[in-house]
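Asker: My questions will all concern the structure given below.
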Amino acid sequence: MKKYNFDCVIDRNNSGATKIENLDTLFGRHDVTPLWIADLDFAVCPDIIDALRKRLDHPVLGYSVTGDDYWDSIISWQRRRHGFELQRSELAFIPGVVKGIGYAVNFFSRRGDRILIQPPVYHPFRNVIVGNDRVPVENPLIFDGKEYRMDLEDLQRLVEEEKPAMMILCNPHNPIGIQWDADTLRAVAVIAHKHGMVVVSDEIHSDLVLHGRPHIPYLSVSDDARATGIMLAAPSKTFNIPGLVSSWMAVSSPKLRTPFYHWLEVNEFSAPVQVSTIGARAAYEHGEEWLDQMLDYVQENIRFATEFCEREIPGVKVVAPQASFLLWVDFRGLGLSQQQLMDFLLSRAHLALNDGTMFGTGGEGFARLNVGTPRCVLREALENVRDAVRELK
Ligand SMILES: Cc1ncc(COP(=O)(O)O)c(C=O)c1O
């Protein structure tokens with residue numbers, strides 16, 4: 001068994017990393033630890049680099065075709081990891097999950113149509129809706145102080161009253177890390193099918209379900225789900241290759257798929273990019289051991305951060321995630337306004353985190369912490385928060 005080293009601190013300066021390059025623009029300073037945007041600070045699986053390097057040994061980078069091996073690698077991965085069967089005909093390449101959401105929004109809805117989201121949720125959902133002159137309808141998650149759940153009663157009411165053309169589901173849910181269970185997904189699908197609502201299920205975090213559990217794809221739960229669902233996924237979060245912009249889409253229903261895939265094709269939105277597919281295939285074929293070890297490391301980081309907050313930072317609590325490397329941290333116990341909290345994190349704890357309010361309703365008093373980083377970086381960041389909180393008191 002190969003052993004990968006996730007403790008190694010890699011200098012990401014001068015690599016065009018958004019996490020670092022956008023610090024000044026977004027946070028107004030550069031001298032802070034960047035634990036915000038959702039990529040990992042770990043070196044990717046070497047097989048991915050090798051596959052890319054091998055292609056670059058050839059001096060011509062002309063137009064390219066994508067062989068069956070690429071599609072087979074996706075199908076085989078889903079079968080092995082999640083027990084989920086996909087057909088080649090259901091799949092299409094997309095150059096990024098958010099772009100895939102944009103394509104679906106443009107194809108399946110019109111200006112002025114309502115589109116349902118479940119805040120606090122990944123902020124580009126709202127941006128795509130509003131930016132395309134559609135109207136967001138909010139079905140906020142319910143928080144009992146410990147766990148979040150979907151408000152299915154409110155969802156039913158909203159769908160009946162507002163008649164949204166579409167719902168954008170985050171499965172698993174970012175920023176909270178909820179793994180939706182099959183009953184909840186089935187209930188969503190019943191409502192969606194009854195009212196003719198398309199469900200765009202963003203499953204980019206699906207391979208990052210923790211504690212060895214399989215992911216439950218929306219398309220897998222029922223006939224209603226297959227009739228309404230558009231699944232979006234990618235190896236990008238999983239294997240830390242978002243810079244390769246390699247994603248894919250799956251649609252089971254021919255009624256949805258045939259016209260949509262035709263539109264994607266004629267516009268060449270779904271034309272595979274060679275470098276992306278090479279990286280994706282190498283990841284799916286050779287990255288499993290790397291992923292399992294990475295998830296173990298992240299799980300340990302989550303445990304470390306949770307216990308550290310419980311023990312050493314009164315007023316700061318981690319909401320336990322079931323998936324991914326993002327922690328939804330409850331700072332409400334500090335009694336600060338959101339502006340004060342973000343100023344405090346930045347100037348006193350020297351930490352750049354995502355402001356909870358960027359995820360919409362329910363984000364007040366929270367911030368999102370990316371723990372996909374070496375433990376020593378995480379430890380120092382949490383110690384800085386602890387020391388800053390002590391000074392605050
Ligand atoms: C839920 C979710 N969807 C999509 C993305 C971005 O995907 P892409 O870079 O493929 O557009 C992210 C990145 O953080 C995400 O968390």
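Laboratory data are not the source of any read-out in this text; all were calculated from the coordinates shown. Predicted, not measured: the structure shown is a model, and the values here were computed from it. With ideal geometry, Cβ positions are generated from the backbone for all residues, glycine too; neighbour counts draw on all protein chains shown.
Asker: Using alpha-carbon pairs under 8 Å, 6+ residues apart, how would you state the relative contact order of the chain in percent?
Answerer: RCO, the chain: 22 percent.
Asker: Would you please give the residues with an amide H less than 5 Å from that of Y122, counting only those at least 5 places away or on a separate chain, with H modeled from the backbone geometry?
Answerer: The answer is N174.
Asker: Give me, ordered by chain and number, the residues 5 or more places off L169 or on other chains with an amide H under 5 Å from its own placed amide H.
Answerer: V200, S201, D202
Asker: Compute the separation of the alpha-carbon centres of segment 154-216 and segment 89-107 and state it in Å as a whole number.
Answerer: 17
Asker: Step through the residues of segment 263-276 one at a time and calculate ³J(HN,Hα) from phi using the Karplus curve (6.51 cos²θ - 1.76 cosθ + 1.60, θ = phi - 60°), rounding each to whole Hz and writing x for Gly and Pro.
Answerer: 4, 4, 5, 5, 8, 6, 5, 9, 6, x, 9, 4, 4, 5
Asker: With 10 angstrom as the radius, rank M167, M342 by how many other C-beta atoms surround their C-beta, starting from the fewest.
Answerer: With the sparsest Cβ surroundings first, the list reads M342, M167.
Asker: Please arrange V130, V298, V188 by how many other C-beta atoms lie within 10 Å of their C-beta, fewest to most.
Answerer: V130, V298, V188
Asker: Have a look at the DSSP beta bridges in segment 49-286 and tell me what percent are antiparallel, nearest 5.
Answerer: Expressed as a percentage, antiparallel bridges in segment 49-286 total about 40.
Asker: Over 25 Å between C-alpha atoms is what I'm after, so list which of K2/K54; K19/K146; K19/K393; K99/K237; K99/K317 land there.
Answerer: From the list (K2/K54; K19/K146; K19/K393; K99/K237; K99/K317), the Cα-Cα distance tops 25 Å for K19/K146; K19/K393; K99/K317.
Asker: When the gyration tensor of segment 73-128 is built from Cα positions, what are the square roots of 5 times its three eigenvalues, in whole Å, from largest to smallest?
Answerer: 28, 15, 10
Asker: Arrange K163, K317, K237 by Cβ neighbour counts within 10 Å, fewest through most, would you?
Answerer: Neighbour counts put them in this order, fewest first: K163, K317, K237.
Asker: Show the residues, 5+ positions off or on another chain, whose built amide H is closer than 5 Å to the amide H of W248.
Answerer: Here the answer is I94, A233, A234, since their amide H atoms fall under 5 Å of that of W248.
Asker: Another one. If the chain were replaced by its equivalent ellipsoid, with semi-axes equal to the square roots of 5 times the Cα gyration tensor eigenvalues, what would those be, largest first, whole Å?
Answerer: Those come to 33, 28, 19 Å.
Asker: May I pose another question? With an 8 Å Cα cut-off and a minimum separation of 6 or more residues, compute the relative contact order for segment 87-197 in percent.
Answerer: 26
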